[in-house]
Amino acid sequence: ASHRNITVRVVPVEPASEQADEAKKFGIEGRKVQSERAGRTQVDEVFLGAVINSGANEVVIPFFDVGLPIEYELTRSVNTVAAETRRRVGILETEAKLNGGFDFSSFRSSPEWRIVTELKKQYEVESVSPATPIDESKYDVLVAVLPSSLGQNEMANFVDYVKKGKP
């Protein structure tokens, strides 16, 4: 898929080692994992992540959790870094707050939705304000969740974008 050679570098990592420091620089952290050996239960710190890069394009998988489809994650990551450029996804700012943010009325912050985290693994993701006309040449797709929460002017800007035939 990469149309180039792929080099695999496997780095055994022990906690509190030079390799652990290198892994942490990439965002790969050790996790406590419980296992059973010779009838005994023990907890070990395990580093089980990957960095896939090609030039300036890089994808980091910080940890392969139980249930995470490893083949899918690796294939998606190789395809992502092999592309010349990443496609751009705009996320329309609505009351759904997909990108998370701070709620001044309750003085609490909310995290970004998991779908946004997943999209960021493969695409350039940007928050889009509906307060001004939306530049249709800037995004490959615009995600609008709960557009009914938009004000009249914001809705007009969103509808203008859709009428131009943009996804």
(request) Using a 1.4 angstrom probe on the protein heavy atoms only, line up Tyr123, Tyr161 by accessible area, largest first. (result) Tyr123, Tyr161
(message) Working only with C-alpha atoms, what are the Rg and Dmax values of the chain, expressed in angstrom?
(response) 20.8, 67
(request) Please go through the residue pairs Lys24/Lys138; Lys25/Lys120; Lys120/Lys164; Lys25/Lys138; Lys32/Lys97; Lys121/Lys164 and name each one whose alpha carbons sit more than 23 Å apart in this structure. (result) Lys24/Lys138; Lys120/Lys164; Lys25/Lys138; Lys32/Lys97; Lys121/Lys164
(request) Using DSSP to define loop residues, name the GluC sites (Glu not before Pro) in the stretch 20-65 whose beta-carbon has at most 14 other beta-carbon atoms within 10 Å. (result) Glu29
(message) Counting only trypsin sites (Lys or Arg not before Pro) that sit in a DSSP loop (anything but H, G, I, E, B) with at most 14 other Cβ atoms within 10 Å, what is the longest stretch of the chain containing none of them?
(response) 10-86
(message) Helix-only estimate, please: 222 nm mean residue ellipticity of the chain, summing -39500 (n - 2.57) across DSSP H runs of length 4 or more and dividing by its residues, to the nearest 500.
(response) -7000 deg cm²/dmol
(message) For a quick size check, give me the Cα extents of the stretch 74-167 along its three principal axes, largest first, whole Å.
(response) 42, 36, 16
(request) With springs connecting C-alpha atoms under 10 Å apart, model the chain as a Gaussian network and identify which of Gly90, Gly49, Gly67 has the largest mean-square fluctuation. (result) Gly67
(message) Between Ser149 and Phe104, what is 0.36 nm times their sequence separation minus the Cα-Cα distance? Round to one decimal in nm.
(response) 14.4 nm
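The values are calculated or read from the model by the stated rules, or taken from the named source; none is laboratory data. None of these values were measured; they are calculated from a predicted model. A quick note on method: Cβ atoms are made from the backbone with ideal geometry, for glycine too, and the neighbour counts reach across all protein chains shown. Ligands, DNA and RNA are excluded from the accessible area calculation, which covers all protein heavy atoms including side chains. Shrake-Rupley method; radii C 1.70, N 1.55, O 1.52, S 1.80 Å.
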